[in-house]
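Below you'll find the structure, written out as structure tokens, and then a few comments.
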Amino acid sequence: MALILLLIALIAVAIALGMMRAAPWQWAIGLGAITLAWQCGFFHGEAHFPQIGGLGFLTWLGLVALGALSIADVRRRAVVQPAFKLVRGILPKVSDTEQQALDAGTVGFDAEIFSGTPDWTKLRAVPPIVLTPEERAFLDGPTEELCRMIDHWQIRHTERKMPAEIWDFVKAHGFLGMLISKDHGGLGFSAQAQSLILGKIASRSPDVVTIVMVPNSLGPGELIEKYGTDAQKEHYLPRLAAGLEVPCFSLTGPTSGSDAATMRDIGTVAKGEHEGREVTGIRLSWDKRYITLGPEATLVGLAFRLFDPDKLLGDKEDIGITVALIPAHHPGVNIGRRHLPSGAAFPNGPNWGTDVFIPMDWVIGGEKMVGQGWRMLMECLAAGRAISLPSSATAGAKAMLRVSSAYARIRRQFGLPVGRMEGVEEPLARLVETAYVNEAARAVTAAMVSRGERPSVISALMKYQTTERLRRAVNDAFDIHGGRAICDGPSNYLQAAYQLVPVGITVEGANILTRTLITFAQGALRSHPYLYAEVKAVQDPDAAAGLNAFDDAFGGHIAFSISNLTGAFFHNVTLGMFAEAPKEAHGLAPIYRQLSRAARNFALVADMTVALLGGGLKVKQKLTGRLADALSEIYLTACVLKRFEDDGKPEADRAIVAFAAANGLHRFEEALRGTIENFPNPVARALLRVIVFPFGRHYYPAPDALGSRIVRAVLTPGEVRDRLTRDIYVSDDPDDATGLLEVTLKKVVQAEEAEKKLERAVRAGTVRRFHGHDWIAEAADAGSITESEAQLLRETEALTQRVIAVDHFAPEELMPHYRKAAPASLGHNSRGLTGADQS
């Protein structure tokens with residue numbers, strides 16, 4: 001019994017000291033008190049003078065040594081200097097491109113998660129969705145008008161290019177200059193406004209949003225605005241804002257996709273002739289591909305590696321990655337033919353040049369910015385990656401929910417709407433969750449960028465998570481629609497998204513790379529409270545200064561690691577009951593506590609992974625990918641809670657929040673469990689199992705009943721469905737494929753009681769429902785329904801037949817370059833199939 005009491009006391013004191021990040025002398029006092037109590041017999045129920053034997057003497061000697069570590073000189077000689085030498089010897093040198101990527105962007109709420117003790121007030125302090133009156137008017141005015149103009153079948157099938165009227169409209173209304181400041185002729189919109197505008201366009205056409213997105217993302221406009229010379233800003237920005245210049249940015253080449261260090265596109269500083277006079281400039285040779293807007297571009301932004309063998313600019317020969325602006329008509333610039341990415345209509349293609357001379361003042365920022373290209377690109381990407389693709393993926397998910405919920409309510413099989421069948425409820429519930437979670441995280445992240453942050457780690461996880469979730473959402477929408485989805489044509493509103501989902505997965509850092517190499521691997525360095533300081537210290541050329549910096553960081557890191565170990569164990573054995581939650585959590589305190597518990601576990605596993613794998617982290621990409629997933633789930637679920645509060649805590653959304661949080665925590669646990677079970681160090685693996693999972697798994701997926709509840713809320717027009725799909729394009733035109741869905745959904749709901757009466761009559765044999773027979777009139781004659789109900793059912797049936805109809809074509813219409821005199825009308829008299837019809 002005494003030993004049990006001793007063990008309990010030791011664990012309690014260790015947890016308390018560890019969680020408070022106690023100094024060595026405090027550990028010595030705390031453990032010394034326990035030792036003294038044992039030697040005095042208090043744990044045996046009898047008090048006496050301490051009895052110190054050989055083991056007791058060694059224990060006290062160890063405690064004295066522990067306390068001595070609080071003396072700076074002792075600690076440095078005994079611990080810090082050996083650790084400094086060890087780490088300095090084994091840590092691989094960070095490359096220039098890696099260093100610039102690490103230095104780019106800002107650290108935000110991701111650091112709170114890596115700390116293991118997130119301060120929820122910081123996340124809740126991020127502004128909700130706020131637009132200026134001008135931004136809201138633009139979203140509701142020109143953006144809405146642009147969406148109404150779009151004929152997606154004409155764009156992606158008939159023409160396979162962007163119509164001139166679309167180009168003219170976006171140029172005339174300033175869509176290409178949303179991020180350019182008003183001082184330079186642009187709209188100067190906030191990141192939040194840009195995100196919502198891009199999202200609304202994306203919900204209508206992935207092709208059209210691309211030609212608006214690229215000039216407002218990583219490209220010449222943003223680079224000139226932030227880094228350009230005054231002359232470059234005055235000349236180019238007004239022209240870009242007005243659409244007089246169409247920009248593209250050329251980064252990717254055949255050998256350099258994600259690995260910029262292998263870039264073979266080079267420039268050499270040289271003397272040459274420009275506009276009749278000799279100037280210092282650059283001779284360029286390059287070969288680029290996958291360049292969006294390239295075939296239509298008038299201004300080419302070009303990234304290349306710059307060398308100065310004759311030392312015309314200074315003492316350095318390998319200057320580094322540099323970015324320049326080159327007019328597309330400049331001699332030697334070759335604009336290639338079009339690529340066809342996933343059958344897309346937006347312009348994309350290669351460009352190249354050999355021995356092309358440009359003056360030095362065509363470098364963005366001029367001569368002083370040579371060699372700074374990668375830093376410039378990474379800083380812009382840290383913000384841009386948080387806006388463009390997350391906004392499109394979020395709007396796409398909302399659009400998939402909007403059309404699928406309508407179709408699932410309209411389409412009937414086995415005598416009931418397919419949306420009320422459990423097999424269809426499951427993907428519908430996922431669509432609800434995806435739409436809510438993506439929008440929650442999109443709004444928070446865009447607000448961060450709007451207030452000046454450049455969240456490099458969060459932008460990376462947002463890019464890969466939102467686009468992956470859109471991929472699942474599109475597949476779910478296809479499953480729900482069945483044959484209606486796979487038959488392409490003017491009335492198919494899903495195919496465009498299905499075709500272009502892989503593009504979003506691939507660009508701005510392919511998801512497979514972003515997940516496994518960027519989000520956690522770079523995030524651990526940037527967001528960890530001590531690791532980056534330690535890395536910089538050991539790589540400091542001044543060893544003495546490096547040792548001083550390392551001493552501060554290393555001591556903090558040791559206390560941090562012990563705090564994570566003890567804190568995680570405490571919260572896991574107490575099931576998170578004492579974890580941190582905001583004081584005013586509006587009924588969400590249990591979820592906040594579980595997120596705090598999850599953050600402790602993540603910080604522990606992440607810290608141990610970095611400490612034990614070190615430079616080998618880059619090759620353990622399955623582990624880093626799972627840790628990226630775990631980090632993502634904490635951030636996304638926290639954004640869900642913030643969205644609920646920002647929306648005014650609507651009671652109707654509480655079930656959606658519970659559903660999303662349960663699934664998010666479950667996915668977090670699966671990612672962390674996968675990391676631990678595959679951890680290469682067996683001792684660490686065993687320790688982490690005990691600390692993180694003392695009682696086995698913590699979390700389970702949301703229950704089926706909760707999924708059924710949230711699906712019922714979206715099968716009927718109303719505030720929940722509208723809130724889940726806010727700020728996307730919604731048509732009420734029955735001659736538009738998606739507008740027809742909206743009109744029919746309202747009519748189906750209106751006719752629901754009459755439909756039930758008709759179904760009862762059919763089952764009773766009173767009415768026969770076959771083609772060529774007017775079963776509605778028969779039901780009215782039999783008194784099963786009234787005449788007014790019969791009229792309502794006829795209108796509903798006619799609309800429903802148009803909704804489920806699929807397009808069909810004469811053979812010649814499917815030949816290349818075929819042009820039909822007039823567009824096909826919606827609702828050919830053909831049968832729509834769902835998966836239940838097919839065998």
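The values are calculated or read from the model by the stated rules, or taken from the named source; none is laboratory data. These numbers were taken from a predicted model, which means no experiment stands behind them. Backbone-built Cβ (ideal geometry, glycine too); neighbour counts: all protein chains shown. Calculation scope for accessible area: heavy atoms of the full protein, side chains included, ligands and nucleic acids excluded. Shrake-Rupley method; radii C 1.70, N 1.55, O 1.52, S 1.80 Å.
Shown are Asp183, Asp647, whose ranking by accessible area with a 1.4 Å probe and every protein chain present, most to least, is Asp183, Asp647. Sequence-distant contacts, meaning Cα pairs under 8 Å at least 6 residues apart, place the relative contact order of the chain at 14 percent. In a reduced charge model with +1 at each Lys and Arg Cβ and -1 at each Asp and Glu Cβ, segment 473-561 shows a dipole moment near 280 debye about its Cα centre. Placing unit charges on the Cβ atoms of the charged side chains and taking the dipole of the chain about its Cα centre, the candidate lying farthest along the positive direction among Gln81, Leu131, Pro295 is Gln81. Accessible surface ranking for Arg160, Arg654, 1.4 angstrom probe, highest first: Arg160, Arg654. Here the chain has an Rg and Dmax of 31.5, 106 Å, counting Cα atoms alone. Using θ = phi - 60° in the Karplus curve 6.51 cos²θ - 1.76 cosθ + 1.60, the 3J(HN,Hα) couplings for segment 798-806 round to 5, 5, 4, 4, 5, 5, 8, 5, 10 Hz; x is entered for Gly and Pro. What is the distance in Å between the Cα centres of segment 118-180 and segment 194-245? The two parts, judged by their Cα centres, are 11 Å apart. Based on the alpha-carbon gyration tensor of segment 380-473 and its eigenvalue square roots a ≥ b ≥ c, which shape applies: rounded if a/c is under 1.5, prolate if not and a/b is larger than b/c, or oblate? Judged from the Cα gyration tensor, segment 380-473 comes out prolate (a/c at least 1.5, a/b above b/c). Among the trypsin sites (Lys or Arg not before Pro) in segment 229-306, those placed in a DSSP loop whose Cβ has at most 15 other Cβ atoms within 10 Å are Arg264.
Rolling a 1.4 Å probe across the protein heavy atoms gives segment 311-353 an accessible surface of 45 Å² per residue. Reported value for segment 565-650: 100 Å³ per residue, from the convex hull of its C-alpha atoms.
Rounded to the nearest 20 debye, the dipole size of segment 261-344 about its Cα centre is 360 debye, using +1 on the Cβ of Lys and Arg and -1 on the Cβ of Asp and Glu. How fast does segment 623-685 diffuse by Stokes-Einstein, in µm²/s, taking the Kirkwood radius from C-alpha pairs at 20 °C and 1.002 mPa s? Taking Rh from Cα pairs, D becomes 166 µm²/s. Measuring nothing but protein heavy atoms, the accessible surface of segment 333-378 at 1.4 Å probe radius is 49 percent carbon and sulfur. Report the rotationally averaged projected area of segment 104-229 based on its alpha-carbon convex hull, in square nanometres. Here the figure is 10.3 nm², rounded to one decimal. Taking the centroid of alpha carbons for each part, segment 700-741 and segment 388-467 are 11 Å apart.
For the chain, the Cβ-based charge dipole about the Cα centre amounts to some 1940 debye (Lys, Arg positive; Asp, Glu negative; other atoms uncharged).
Here the chain is scanned for GluC sites (Glu not before Pro) in DSSP loops (not H, G, I, E, B) that have at most 15 other Cβ atoms within 10 Å, and the longest stretch holding none of them is 318-583. When only alpha carbons of segment 211-329 are considered, Rg and Dmax amount to 14.9, 42 Å.
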